[in-house]
Amino acid sequence: MTTEFTARATPSGDGTVTVTASGELDMTSAPELITVLREAIRAHGPSRVDLDLTAVTFMDSTGLQVLVAANRDVGGGLQITGTSPAVHRLLQLTGVLEEFGLSPERSA
């Protein structure tokens, strides 16, 4: 059983965009996140994109590739502001926590 994936972008007055995602981020849902991130970057030209993955229950290597590519698209300005335990563990195991502004200890 899969959990429906959703992502939405919300621009803020300080020149950043917050993208909030939920569900399972895998090869079938990654295109939706790519579209939301690209449209937000194109439409708003943010200095930073804050990505909240707190409600993402599963993420595979395809999702990880999307995050790395999006970080490159905004010149290193992708900041992950929240993770689920599963996502945090994946980012920790792959050694990219600090790249996205996260510490090894997950905050609730």
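Criterion applied to Leu67, Leu25 was being among the hydrophobic types (A, V, I, L, M, F, W, C) and touching a helix residue (DSSP H, G or I) at 6+ places or on another chain (Cβ under 6 Å), and the one residue passing it is Leu25. Summed over the stretch 89-107, the residues that are within 15 Å of Leu64 (Cα to Cα) and in contact with a Leu (Cβ under 7 Å, 6 or more places away or on another chain) give a count of 6. The lone criterion from (1) more than 22 Å from Glu99 (Cα to Cα); (2) part of a strand (DSSP E or B); (3) among the polar types (S, T, N, Q) left unmet by Ser22 is number (1).
Could you check, for the stretch 84-98, whether at least one of its residues is of a type in the set (Val, Ile, Thr) and assigned to a helix (DSSP H, G or I)? Within the stretch 84-98 (the criterion being of a type in the set (Val, Ile, Thr) and assigned to a helix (DSSP H, G or I)), the answer is yes, since at least one residue qualifies. Thr94 fulfils the conditions (1) farther than 14 Å from Arg8 by Cα; (2) touching a residue at least 12 places away in the same chain (Cβ under 8 Å); (3) buried (at least 18 other Cβ atoms within 10 Å of the Cβ) except for a single criterion, (3). Scan the stretch 25-62 residue by residue and report those that are surrounded by 18 or more Cβ atoms within 10 Å (Cβ to Cβ), modelled with pLDDT of 95 or more and touching an Asp or Glu at 6+ places or on another chain (Cβ under 8 Å). Within the stretch 25-62, Leu25, Val56, Met59 meet the criteria. Here Ala86 meets the list (1) surrounded by fewer than 19 Cβ atoms within 10 Å (Cβ to Cβ); (2) under 27 Å from Gly13 (Cβ atoms); (3) free of Cβ contacts under 8 Å to residues at least 40 places away in the same chain; (4) touching a strand residue (DSSP E or B) at 6+ places or on another chain (Cβ under 7 Å) almost entirely, failing just condition (2).
Among the residues of the stretch 22-34, is there at least one that is polar (S, T, N, Q) and either more than 14 Å from Thr6 (Cβ to Cβ) or in contact with a strand residue (DSSP E or B) (Cβ under 7 Å, 6 or more places away or on another chain) (or both)? Among the residues of the stretch 22-34, at least one is polar (S, T, N, Q) and either more than 14 Å from Thr6 (Cβ to Cβ) or in contact with a strand residue (DSSP E or B) (Cβ under 7 Å, 6 or more places away or on another chain) (or both), which makes the answer yes. Would you check if Asp73 is within 14 Å of Leu25 (Cβ to Cβ), surrounded by 14 or more Cβ atoms within 10 Å (Cβ to Cβ) and of a type in the set (D, E, K, R)? No. Residues of the stretch 13-60 that are under 13 Å from the mean Cα position of the chain (by Cα) and small (Gly, Ala, Ser): Ala21, Ser22, Gly23, Ser29, Ala30, Ala40, Ala55. Pairs, please: C-beta under 7 Å, at least 6 apart or cross-chain, first residue farther than 14 Å from Leu78 by Cα and in the stretch 1-21, second of a type in the set (Ser, Thr, Tyr) and in a loop (DSSP other than H, G, I, E, B)? Here the result reads Phe5/Ser29, each pair linking the stretch 1-21 to a residue that is of a type in the set (Ser, Thr, Tyr) and in a loop (DSSP other than H, G, I, E, B).
The values are calculated or read from the model by the stated rules, or taken from the named source; none is laboratory data. None of these values were measured; they are calculated from a predicted model. Neighbour counts run over all protein chains shown; Cβ positions are idealised from the backbone, glycine included.
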